[in-house]
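The values are calculated or read from the model by the stated rules, or taken from the named source; none is laboratory data. Model, not experiment: these values are computed from the prediction. All Cβ positions, even for glycine, are placed from backbone atoms using ideal geometry, and neighbour counts span all protein chains on display.
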Amino acid sequence: MVELTDRPFPPGRYPLIVVGSGPGALQLTYSLRRFGVEHAVLTGDDAPGGMFRRWPIFQRMLSWTKPYANHKRGTREYERYDWNSLLGEEETTRSVMPRVMDGTSYFPSRPEMERGLVEFATSADLRIRYACRWESTRMEGGEIVLSTSDGEYRTPAAVFAVGVAEPWRPQTLDVEGVQQYGELRHAETYADRRIFIVGKQNSGFEIATGLLPWARQIVLASPSRTKLSVDTRTLVGVRARYVQPYEDWALAGGVVILDASIEKVERRGNGYLVHTKSPADGSALDFEVDDVIAATGFVCPLQDLPRLGVETFGQSGLPAQTPFWESASVPGVYFAGTIMQGAHGLRKHGIPSNSGAVQGYRYNARVLARHIAETRFGVAVDRPALKAEEVVTFLLAEVSRGPELWHQRSYLARIVTFDPDRGIVDEGIQPLAHFLDSPGPDAVAVALEANGKDDPYPAVYVRASGATSENLLPPHPLLDYEGPEYQRQLGSVLAKLGAVAAPVQ
Amino acid sequence: MDVREDVVDILSGFSLFADLATPELESLVDIFGEEAFQPGERVLRQGLTGSNFYVILEGTAGIRVDGKDRAVLRPGDYFGEISTLLGVPPTADIVAQVRLRCLVLPGADLQSFLVGHPRVMYRILQEEARKVRTTTRWLS
């Protein structure tokens, strides 16, 4: 059992330190332990769960866990349908979420999500030093020194899994009384009020959805047009869970969705006057409202890491990272959890990875744990050999049912190398960008890809004699890429590598 | 999107956006994303589908064809428009020479962006015309 009074990892020196106790940190420490990597885990929180101990503010997740699917709970294939469970190897740590959900919705409630994370940490007996707040950082003698509320920790390498959950607002909204995500009052206090929400991404629409039964009028405004995930066929855009205000607007039900920049916000009596301007024609519209809520994004609480040389980019202040989630500017500083979205990968067709969400970064964490185990701790990770006649069948099964490829499209890939000395070897899951941009022996990488319009399709990258080529296989209406036509096409692509025989029919 | 507020000042100095009024420039912050690349990192990969449209904010990038460096792109330059508009893989790698900071627009959004910003489209057209002229002179 994880006891809050049990406080492992007193101040001192550790070969690796993980900071955080949200799902990203929990998955990483679990996976590091599987590889036998000695490390300490510190968190300022009192219990596991990270942001899910408080948020989403309207208390239900926007990612599903299907209690029933075409694959049995607890199997690797089932992970495709369960976006919220962390990845365990034991029966007690696998598919935890459907066990803790009450069946009223396939979107877990926030308390269910929190319970699932506590259950995972408890079942796995994860060792974490709670109530140990990371306060500042410095480099000394080539080591990272973390000052915490409990004292100093020294380490050659640290992983920061501290989320991207600090609400941010532009200067225009720096007006007394303007509220932000996480600061909202109880929903009933918005009864019969006019509410102006700045921001038309998921957090803005989440707030609008929660206040629909209460508000007299809701205005959602930002300069660019609203995108919906059902149109983009990706996680880009407003998720279906929060699309009700959009329908209200589309059917002229009273909600206003406006493409406009916010020029100025003024206090006016007990309320506000919001001045907006259309980017299309410069026309102005002013709104008298009772509440203004900023849903204008979140920043990454990296504290003093940028002063140590950790480069960041974008308004969120995400750290620039290598494909293996190491700071691009300060070696030895890694990231886990939702911060991993800073390692952008290929972004083919403009589609980002799912590294900002549990179903994406849980796989990144496993890849990172293996990478750290191999490169920093000299752990020899098993690489199964494959027979030539197995390769096509193996790769098609992976791209049809491998959850890593399904959740991290064009981002994580299954790699098989063809080395004259070692034979045909399954190298496991790796970042696709690393495969494409690194030299190596003849090899193949398979990934699942999407273009935002069609059904997903397999992509096969072949590296032969140092040159890499892309080969796209067609989509399939039932998302099944294991049939004879796919076997034929993949066999033909892999013929470039010489060593692959056709699969046994 | 995830673009720093300082971008509006930077963009106001680029010829590509010289015809846009301030509210339009501010709206770009909401339409584009921001990405950073490290020295040696590839932004576009020759022969790979699914490229996007990039505008360089800071840093320089090399145009590399079949492993050979051909030209250098600087702040205010853009790339990815040809492969995006034609729906074909890029014919060159674009490689960060130093730390590179770019605005990025998903390839699928380029058409609606240009149609919605005809003055930007005109500037791009002028630049493409210059490239065709240079190529024609080189060939003749």
Only unsatisfied item for residue B:123, checking (1) among the charged types (D, E, K, R); (2) in contact (Cβ under 8 Å) with a residue 40 or more places away in the chain; (3) within 10 Å of another protein chain (Cβ to nearest Cβ); (4) over 24 Å from residue A:410 (Cβ atoms), is (3)
Among the numbered criteria (1) more than 26 Å from residue A:238 (Cβ to Cβ); (2) surrounded by 18 or more Cβ atoms within 10 Å (Cβ to Cβ), which single criterion is violated by residue A:63?
-> (1)
Counting just the residues of region A:292-331 that are of a type in the set (Ser, Thr, Tyr) and within 21 Å of residue B:100 (Cα to Cα), which one comes out farthest from the other protein chains (Cβ to nearest Cβ)?
-> A:327
Would you mind stating whether residue A:159 is of a type in the set (A, V, I, L, M), within 30 Å of residue A:142 (Cα to Cα), within 26 Å of the chain's Cα centre (by Cα) and not in a loop (DSSP other than H, G, I, E, B)?
-> yes
Counting only residues that are more than 18 Å from residue A:28 (Cα to Cα) and assigned to a strand (DSSP E or B), region A:105-133 contains a total of 1
In region B:14-33, how many are touching a helix residue (DSSP H, G or I) at 6+ places or on another chain (Cβ under 7 Å) and either surrounded by 23 or more Cβ atoms within 10 Å (Cβ to Cβ) or within 7 Å of another protein chain (Cβ to nearest Cβ) (or both)?
-> 4
Take region A:348-367 and flag every residue that is in contact with a Pro (Cβ under 6 Å, 6 or more places away or on another chain) and surrounded by fewer than 24 Cβ atoms within 10 Å (Cβ to Cβ).
-> A:350
Based on what the data block shows, is residue A:465 farther than 14 Å from residue B:50 by Cβ, exposed (fewer than 15 other Cβ atoms within 10 Å of the Cβ) and under 26 Å from the mean Cα position of the chain (by Cα)?
-> no
Considering region A:476-493 alone, what residues qualify as being among the acidic types (Asp, Glu) and in contact with a helix residue (DSSP H, G or I) (Cβ under 9 Å, 6 or more places away or on another chain)?
-> A:480, A:482
Counting only residues that are outside any strand (DSSP E or B), free of Cβ contacts under 8 Å to residues at least 60 places away in the same chain and touching a helix residue (DSSP H, G or I) at 6+ places or on another chain (Cβ under 7 Å), how many does region A:440-475 have?
-> 2
Residues of region A:456-471 satisfying the condition of being away from every other protein chain (no Cβ under 12 Å) and modelled with pLDDT under 95 | A:464, A:465
Using the structure shown, decide if residue A:433 is within 14 Å of chain B (Cβ to nearest Cβ), of a type in the set (A, V, I, L, M) and in a helix (DSSP H, G or I).
-> yes
Region A:62-99 - residue that is β-branched (Val, Ile, Thr) and under 22 Å from the mean Cα position of the chain (by Cα) and, of those, nearest to residue A:404 (Cα to Cα) = A:75
Of the residues that sit in region A:385-418 and are surrounded by fewer than 19 Cβ atoms within 10 Å (Cβ to Cβ) and among the aliphatic types (A, V, I, L, M), which one is nearest to residue A:72 (Cα to Cα)?
-> A:397
Any idea how many residues of region A:196-214 are in contact with a Phe, Trp or Tyr (Cβ under 7 Å, 6 or more places away or on another chain), outside any helix (DSSP H, G or I) and surrounded by fewer than 24 Cβ atoms within 10 Å (Cβ to Cβ)?
-> 1
